[in-house]
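Trainee: Handing you a structure now.
No value in this document is a laboratory result; all are computed from the given coordinates. Just so you know, these numbers come straight off a predicted model, no measurement behind them. Here the Cβ positions follow ideal geometry from the backbone for every residue, glycine too, while neighbour counts run over all protein chains shown.
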Amino acid sequence: MLGSLKQLGFAVDDARVGRVVDLELQNGDRERARADLERMCEQLLANPLIESYEIELVDEE
Amino acid sequence: MSTAEPKPRVAVITFPGSNDDHDAALALTRLGAEAVPVWHADRELPDVRAVVLPGGFSYGDYLRAGALARFAPVMDSVRALAADGGLVLGICNGFQVLCEAGLLPGALRPNHSSVLFAATCRSRSSGPTRPSQLGARRDSVSASRSSTAKAASSPGRSCSPSSSGRARSCSATRARARTVSVAGIAGIVNAEGNVMGLMPHPEHAVDALTGSTDGALLLGSLVDAARVDAAEPAAV
């Protein structure tokens, strides 16, 4: 991918492909939602041996 | 061998997306086993003492290779079989499933090149010298130390030793340096010696037509061990 970008003429030093998982929760309790999301990441969404993750909570109106 | 002797039964699990299940069954059959096909949604395994998780792309490799297959209904029975000392062999994607399921330590990650690596590679077994249930046939150890097996990784996966510390108790099958895995590790065996995972495909190396028959050394040991196990049932 880095090579392809360079081939297109872009000056890119490094490239990394990640993954974004969008989850919708009907849960007004942000603390609990974050705790749940932590467990989801540990148990399924990420493999903690080789992957790291960040959780971002976004309120929807 | 008397003709009345029952063939050792080895289950071959098919997940949605498995594509080496038929090759594994064919290889096992040619090596004297009765390959019993099992669908991933089956909760119970048939009466077997050995099971093979074949290569392919279970559940489309969605999320991570092997990550979803771990939740397949049949996996509870596979776990129970392993805990009971039964033999479990995961090949390629099956190896990934075993790691994700926690039946083997460590994890597999994409290789740096992201390029498919497909070649016949030499591999040798290393680690503890005690006899392992899964490994080379005892009468062909010298051959197995430099045996070849079809190695194909799709889109290129490499084995990362466990960070749990248990990897030190694992014996490893190392592929030669051309493989892209950490420390040249092509496969690992658990501490108990009854669960093995490897990226090369021994089931693709049981016929001279495909370049090598050395895969029979490994799969043959599985069949032999299943035969011994079948002859001594309920040995607790």
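Trainee: Show me, for region A:28-37, the HN-Hα J-couplings you get by feeding each phi into the Karplus relation (A = 6.51, B = -1.76, C = 1.60, θ = phi - 60°), rounded to Hz, glycine and proline as x.
Mentor: Here the 3J(HN,Hα) series is x, 8, 5, 5, 5, 4, 5, 4, 4, 5 Hz.
Trainee: Going by C-beta contacts inside 10 Å, put A:E51, B:E100, A:E56 in order with the fewest on the left.
Mentor: A:E56, A:E51, B:E100
Trainee: When only DSSP loop residues count, what trypsin sites (Lys or Arg not before Pro) in region B:35-106 have their Cβ near at most 12 other Cβ atoms within 10 Å?
Mentor: The qualifying sites are B:R43.
Trainee: Using every pair of alpha-carbon atoms in region B:15-104, split the distances into 5 Å bins beginning at 0 and state the percent of pairs per bin, rounded to integers.
Mentor: The distribution over region B:15-104 is 3, 16, 27, 28, 18, 7, 1, 0, given as percents.
Trainee: Here is a further query. Arranged by the count of other C-beta atoms within 10 angstrom, fewest first, what order do B:H204, B:H112, B:H22, B:H40 take? Walk me through the intermediate numbers first.
Mentor: Details: B:H204 23, B:H112 9, B:H22 15, B:H40 19.
In order of increasing Cβ crowding within 10 Å: B:H112, B:H22, B:H40, B:H204.
Trainee: Show me, for region A:42-58, the HN-Hα J-couplings you get by feeding each phi into the Karplus relation (A = 6.51, B = -1.76, C = 1.60, θ = phi - 60°), rounded to Hz, glycine and proline as x.
Mentor: Rounded to whole hertz, the list is 5, 8, 8, 5, 10, 9, x, 5, 10, 10, 10, 8, 10, 10, 10, 8, 10.
Trainee: Cut-off is 10 Å between beta-carbons; in what order do B:L87, B:L209 appear when sorted fewest neighbours first? Kindly include the intermediate steps, with their values, before the conclusion.
Mentor: Values: B:L87 24, B:L209 7.
The most exposed by this proxy come first: B:L209, B:L87.
Trainee: Taking amide H positions as placed 1.01 Å from N in the peptide plane, with prolines and chain starts having none, which residues 5 or more places from B:R9, or on another chain, fall under 5 Å of its amide H?
Mentor: B:E34, B:R49
Trainee: Amide H neighbours of B:S18 under 5 Å, at least 5 residues apart or on other chains, H built in the peptide plane: list them.
Mentor: Excluding prolines and chain starts, which carry no amide H, the hits are B:F57, B:Y59.
Trainee: A further question follows. Residue by residue through region B:89-103, what is 3J(HN,Hα) from phi via Karplus (6.51 cos²θ - 1.76 cosθ + 1.60, θ = phi - 60°)? Round to whole Hz and write x for glycine and proline.
Mentor: With the stated coefficients, region B:89-103 comes to 10, x, 10, 6, 4, x, 5, 4, 4, 4, 5, 5, 7, x, 7 Hz.
Trainee: Further, regarding this structure: Between the alpha-carbon centers of region A:44-60 and region B:42-110, tell me the distance in whole angstrom.
Mentor: So the separation of the two Cα centres works out to 24 Å.
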